[in-house]
Amino acid sequence: MVLALACTATAALAQAPPSYSPDQLDKLVSRIALYPDPLLAQILAAATYPDQIPDASKWADEHHDLTGDNLARAITDDHLPWDPSVQAMLPFPSVLEMMASDMSWTSDLGNAFLAQRQDVMDAVQRMRQKAKDFGYLRSNGQIVVRGGPYIEIAPVNPAFVVVPYYDPLIVFARPRAGFFVGGAIRFGFGVSIGAAFR
């Protein structure tokens, strides 16, 4: 009886999701904390299905030339089996590639989001506040940064989302003297989001 209870307790501990400290969460979200809110939300949701990310990344890469309604039609025609949160990432093959190339990070992010959702969002806010305080995060031609109790990052045009590129080791640290903060966050090609994805 005692052995059975010990085995049950051990099994329960083995199934319990890991718990992440604030510092661990800050590091975990640092590479995506400055993404526009709609894209960030999709990444967090998609990360809870890490087993689907590699196949979705492969499919997105093979169909990278499709956008908008043509992409939505290809998704429908191919009867893709993945969760809607993963399918919503298909217009962003570079983001899916980032997630697929570091599955340990993606799994940790998904586990943290499932077990500590508010803590993850608090970490995003901490990192955004740092980038804003140091002068890196500000509105520009691609994004609108709104303050308040929470820092929001929205695309200038809701139908056109641009993925930012930045080095977390730079944008979350005080800039050294003479460093031009305006070039620390770059924006690549934008993705037009058709009605099917909105």
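The values are calculated or read from the model by the stated rules, or taken from the named source; none is laboratory data. Quantities reported herein were computed from a predicted structural model and do not represent experimental measurements. Every residue, glycine among them, receives a Cβ derived from its backbone with ideal geometry; neighbour counts consider all protein chains shown. We work out accessible area using only protein heavy atoms, side chains counted, and drop any ligands, DNA or RNA first. Shrake-Rupley method; radii C 1.70, N 1.55, O 1.52, S 1.80 Å.
Solvent exposure of the chain amounts to 55 Å² per residue of accessible area, where only protein heavy atoms count and the probe is 1.4 Å.
Element breakdown for the chain at a 1.4 angstrom probe: carbon and sulfur atoms account for 56% of the accessible area.
FRET efficiency for the residue 41 to residue 192 pair, using the beta carbon distance and R₀ = 25 Å, is estimated at 0.85. Its convex hull of Cα atoms gives the stretch 69-134 a direction-averaged projected area, equal to a quarter of the hull surface, of 6.3 nm².
In a fully extended conformation the segment linking residue 179 and residue 125 would gain 17.0 nm over its present Cα-Cα distance, using 0.36 nm per residue.
Applying the Kirkwood pairwise sum to the alpha-carbon positions of the stretch 92-198 produces a hydrodynamic radius of 15.6 angstrom. Peptides 55-61, 100-106, 44-50 ranked from most to least packed by the mean count of surrounding Cβ atoms within 10 Å: 44-50, 55-61, 100-106. Residues 89, 98, ordered by accessible area of protein heavy atoms at a 1.4 angstrom probe radius and largest first, appear as 98, 89. For the chain, the mean residue ellipticity at 222 nm estimated from helices alone is -14500 deg cm²/dmol, where every DSSP H run of n ≥ 4 contributes -39500 (n - 2.57) and the total is divided by all residues, rounded to the nearest 500.
Ordering of 160-166, 176-182 by packing is 160-166, 176-182, highest average first (other Cβ atoms within 10 Å, averaged per residue). Over the C-alpha atoms of the chain, the Rg to Rh ratio, Rh being the Kirkwood estimate, stands at 1.04.
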